[in-house]
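Worksheet: the structure to be examined is printed underneath.
The values are calculated or read from the model by the stated rules, or taken from the named source; none is laboratory data. Predicted, not measured: the structure shown is a model, and the values here were computed from it. Here the Cβ positions follow ideal geometry from the backbone for every residue, glycine too, while neighbour counts run over all protein chains shown.
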Amino acid sequence: MADRHEMWKSLGMNIEQHDVLCSVLPGAVGDVFMSQKNRPKGMEFWDMVVADVHGIRPAELIEEQKKGRKVFGTFCVYVPDEVIIACNGIVTGLCGGSQFWVPDGEAVLPKNTCPLIKASVGARLGKTCPFFRIADMYVGETTCDGKKKAYEILGEDVPMYVMDVPQMKRPEDIERWAHEIALFAKKVEEFTGVKLTVENLKKAIHIINEKRKAMQRVYDTRKNKTLPISGRDSLLMTQISFFDDPERCATMCNKLADELEERVKNNVSVVDAGTKRILVTGTPLAIPNWKLHNIIETTGAAVVCEEMCTGTRYFENLVDENINSLEEGFKALANRYMKTNCACFTPNTGRIDDIKRMVKEYNVDGVIDCNLKFCCLYDTEKFSVGRALKEANIPVLQLETDYTDTDAEQLRTRIGAFVEMLNK
Amino acid sequence: MSKFYIGIDIGSTSAKTIVLDENKNIIERILLPTGWSSKETSEIILKKLNELNFNVGNSTIVATGYGRVSVSFANKAVTEITCHGKGANYLFGSNTPSVGVNDDKAIDNNLLIIDIGGQDTKIIQVENGSVVDFLMNDKCSAGTGRFLEVMSNALNLKMDELCDMASKGSDTHISSLCTVFAESEVISLIGRGEKRENIAFAIVDSIIKKVCQQAQRLYKPNMKVCLTGGLSEFKYISDSLGKELKTEVYAKKDGRYAGAIGAALMGFI
């Protein structure tokens, strides 16, 4: 693996601090991933990326910037990648999944802010995330109050553009979102110097659709009784897809899906027959947050689906590729993105329908509904989610956690008891 | 040589051991403080079992409680939720003949178990002997036995004295849920010259309300509510819970051993 210190230095990163992070990551990856038995060979690609997660992709991004391309850092699955890709821009996810960044975030944010926001802000202000140093522009959205206010603070440090996501899903809201996408497109055009056309938008929609289809293919294999891939490995694939080039992502996911489909045919499972199948739902699990999956899968159960932003919400539903004008394109995008069911909308019964549908599709034995601490939206929605699942006779365990390890044993007890309950 | 079924429940405060014979009769109970090392405690238990001539080698031993992984000689470890469910069902469920004065009202195969432990409070719903749902309090001592322990220390009272005193008090309230803040609230009540009975009342009342709030989430009128754990020895606690939930709350002498009984029963499976 190449030494990245020169690159990190040139990015103005806090090398000393960042080295601390780099020194703990290999151990975590070893414990969570390498300890698994019978992994698909295709995971080698993601193993390689995660081993050099702050090097391999950042180096590529810097090369592309040298050619004049702009990098957009995004925080949320509502930001339409298609518009950026069409204008020859690059989309990247940002750091936000580790306790390591939380103290730097708490220096400016209230302690009772969700860890994802604290870590993101901390990663930028602490200069310990290359993606947060590389991006030319940051695209935020109004999907929660914590983020809205955090963007104001981040905006003092970086160029920030915030998209106004509607709070409801009436026809006029979807129309408004199409208009919001049009406004964003103008900004992207200005910033990249590339004009958005029906042709390049059409092409970009196709690229992202292909990525979605490829990820769905991998997830589809998890629906089988023969489970060809662990939840941890699937999660890693999904987490890294936020950072990768979309075409390569599709290629790699399709390659993995080929192998997994073959495994299903040959009855190659990563777990023993009868292992209880868990769907996890709730707030996102940003890389390197593997805590929940790791506890579930080392407590005798398997995660077979994530109804999360780092899961099905990211790739379910395609954008209509049959567009004849930019206006039609914006509408097609709005229609697809507004199908994503986030707790920031009211009402959000679509999420409950999704969970119930996926419980059937993925042959799920029990649901674990988990939110990050201080996420008021998902926490409050637990009430209606829990009630609906109980009414449908679907066992559900509802948890709250953060990025620290202090509650690992409590979680292990709850999850262990839940699995024992399913096994009874 | 007869075979024994041994359940060891290493809780945060005390370690409970139960020995069952092949007919599931309780033939021994051992109660020890957990101390600072659950591993050492488990070794003391092993020594005691040997002294009492329970052939450990020929027995099935199941460990539970937060120290369950420290019992190296156990055949398996099961979470305290499952064990409390099984144990409470043994004590209060339909397989035991008589459960109290309101026997006929209770639906014995539909239990709601309240276990106020040293570091967590569990609400467990048991149907026909199996856990079907459960809740645990957050990672904080509000609404746990630790809360009562800290408060009774502040009043310089033992648990039974605290309950006794609380039963004679009224009309005083503690608003803090956090043990640390509540303790300073108690101290300011003492400073204000509030009667000890009333402070004791406020302390118990505060935990009862907190626990019932949790229990209400799973409670339905067709359930028989049972209190297990160390606090089940205090009638004032089960009575107060019953008053708040507006139903009878059953408690039994062996309630403290529910987890250990459940663990021992898991040895039969």
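Per-structure values
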{"read-out": "Residue identified as among the basic types (Lys, Arg) and under 17 Å from the mean Cα position of the chain (by Cα) among A:Lys331, A:Lys291, A:Lys373", "value": "A:Lys291"}
{"read-out": "Residue among A:Thr281, A:Thr299 that alone is more than 19 Å from the chain's Cα centre (by Cα) and either surrounded by fewer than 21 Cβ atoms within 10 Å (Cβ to Cβ) or outside any helix (DSSP H, G or I) (or both)", "value": "A:Thr299"}
{"read-out": "Positions within region B:213-233 being surrounded by 21 or more Cβ atoms within 10 Å (Cβ to Cβ), in contact (Cβ under 8 Å) with a residue 60 or more places away in the chain and either closer than 18 Å to B:Leu162 by Cβ or not hydrophobic (A, V, I, L, M, F, W, C) (or both), in sequence order", "value": "B:Lys224, B:Leu227, B:Thr228, B:Gly229, B:Gly230, B:Leu231"}
{"read-out": "First in region A:121-147 and on the phi > 0 side of the Ramachandran plot, second anywhere and part of a helix (DSSP H, G or I) and not aliphatic (A, V, I, L, M), Cβ under 8 Å, 6 or more apart", "value": "A:Lys127/A:Gln17; A:Lys127/A:His18; A:Lys127/A:Arg133"}
{"read-out": "Count of region A:358-395 residues which are among the charged types (D, E, K, R) and within 21 Å of A:Ala301 (Cβ to Cβ)", "value": "6"}
{"read-out": "Any hit, region B:192-212, residues being without any contact (Cβ under 8 Å) to a residue 12 or more places away in the chain and either closer than 30 Å to B:Asp21 by Cα or part of a helix (DSSP H, G or I) (or both)", "value": "no"}
{"read-out": "Top-ranked residue in region B:117-127 [being touching a residue at least 40 places away in the same chain (Cβ under 8 Å) and assigned to a strand (DSSP E or B); ranked as farthest from B:Ala88 (Cα to Cα)]", "value": "B:Thr121"}
{"read-out": "Residue satisfying condition, being touching a Cys at 6+ places or on another chain (Cβ under 9 Å) and under 29 Å from A:Arg387 (Cα atoms), within set B:Val204, B:Val249", "value": "B:Val249"}
{"read-out": "Subset of region B:1-55 (residues that are among the aliphatic types (A, V, I, L, M), within 20 Å of B:Gly145 (Cβ to Cβ) and crowded, with 17+ Cβ neighbours inside 10 Å)", "value": "B:Ile8, B:Ile10, B:Ala15, B:Ile18, B:Ile30"}
{"read-out": "Any hit, region A:344-353, residues being among the β-branched types (Val, Ile, Thr), assigned to a loop (DSSP other than H, G, I, E, B) and away from chain B (no Cβ under 14 Å)", "value": "yes"}
{"read-out": "Matching entry among A:Ala123, A:Ala135, A:Ala185 (being aliphatic (A, V, I, L, M), farther than 27 Å from A:Ala332 by Cβ and touching a Leu at 6+ places or on another chain (Cβ under 9 Å))", "value": "A:Ala123"}
{"read-out": "Residue in region A:223-243 that is surrounded by the fewest Cβ atoms within 10 Å (Cβ to Cβ), counting only those that are farther than 27 Å from A:Asp52 by Cα and either in contact with a Cys (Cβ under 9 Å, 6 or more places away or on another chain) or not aliphatic (A, V, I, L, M) (or both)", "value": "A:Lys225"}
{"read-out": "Qualifying residue in region A:89-104 (condition: surrounded by fewer than 21 Cβ atoms within 10 Å (Cβ to Cβ) and out of contact with any Ser or Thr (no Cβ under 9 Å at 6 or more places or on another chain))", "value": "yes"}
{"read-out": "Breaking point among (1) crowded, with 16+ Cβ neighbours inside 10 Å; (2) under 26 Å from A:Met338 (Cβ atoms); (3) away from chain B (no Cβ under 12 Å), for A:Lys382", "value": "(3)"}
{"read-out": "Meets criteria (polar (S, T, N, Q), at positive phi and either part of a loop (DSSP other than H, G, I, E, B) or under 12 Å from the mean Cα position of the chain (by Cα) (or both)) for A:Asn224", "value": "no"}
{"read-out": "Extreme residue, farthest from the chain's Cα centre (by Cα), among residues of region A:15-28 that are surrounded by 14 or more Cβ atoms within 10 Å (Cβ to Cβ) and in contact (Cβ under 8 Å) with a residue 24 or more places away in the chain", "value": "A:Gln17"}
{"read-out": "Residues satisfying the stated conditions in region A:124-162, i.e. among the hydrophobic types (A, V, I, L, M, F, W, C) and under 24 Å from A:Gln65 (Cα atoms)", "value": "A:Leu125, A:Cys129, A:Phe131, A:Phe132, A:Ile134, A:Ala135, A:Met137, A:Val139, A:Leu154, A:Val158, A:Met160, A:Val162"}
{"read-out": "Qualifying residue in region B:128-146 (condition: away from every other protein chain (no Cβ under 14 Å), assigned to a helix (DSSP H, G or I) and surrounded by 18 or more Cβ atoms within 10 Å (Cβ to Cβ))", "value": "yes"}
{"read-out": "Some residue of region A:44-56 being over 16 Å from the mean Cα position of the chain (by Cα), more than 26 Å from A:Val162 (Cβ to Cβ) and among the aromatic types (Phe, Trp, Tyr)", "value": "yes"}
{"read-out": "Complete set of residues in region A:394-408 that are closer than 19 Å to A:Pro115 by Cβ and either in contact with a Lys or Arg (Cβ under 8 Å, 6 or more places away or on another chain) or within 9 Å of chain B (Cβ to nearest Cβ) (or both)", "value": "A:Gln398, A:Leu399, A:Glu400, A:Thr401, A:Asp402, A:Tyr403, A:Asp405, A:Thr406, A:Asp407, A:Ala408"}
{"read-out": "Any chance A:Thr197 is at pLDDT 95 or above and in contact with a Gly (Cβ under 6 Å, 6 or more places away or on another chain)", "value": "no"}
{"read-out": "Residues satisfying the stated conditions in region B:38-75, i.e. within 14 Å of another protein chain (Cβ to nearest Cβ) and modelled with pLDDT under 95", "value": "B:Ser38, B:Gly65, B:Tyr66, B:Gly67, B:Arg68, B:Val69, B:Ser70"}
{"read-out": "Residue in region B:182-189 that is hydroxyl-bearing (Ser, Thr, Tyr) and outside any loop (DSSP other than H, G, I, E, B) present", "value": "yes"}
{"read-out": "Residue check, B:Phe268 surrounded by fewer than 19 Cβ atoms within 10 Å (Cβ to Cβ) and in contact (Cβ under 8 Å) with a residue 60 or more places away in the chain", "value": "yes"}
{"read-out": "Residue list for region A:355-378, filter: farther than 30 Å from A:Val102 by Cβ and in a helix (DSSP H, G or I)", "value": "A:Lys356, A:Arg357, A:Met358, A:Val359, A:Lys360, A:Glu361"}
{"read-out": "Unique residue being under 25 Å from A:Gly311 (Cβ atoms), in contact with a helix residue (DSSP H, G or I) (Cβ under 8 Å, 6 or more places away or on another chain) and free of Cβ contacts under 8 Å to residues at least 60 places away in the same chain when the list is A:Gly96, A:Gly105, A:Gly73", "value": "A:Gly105"}
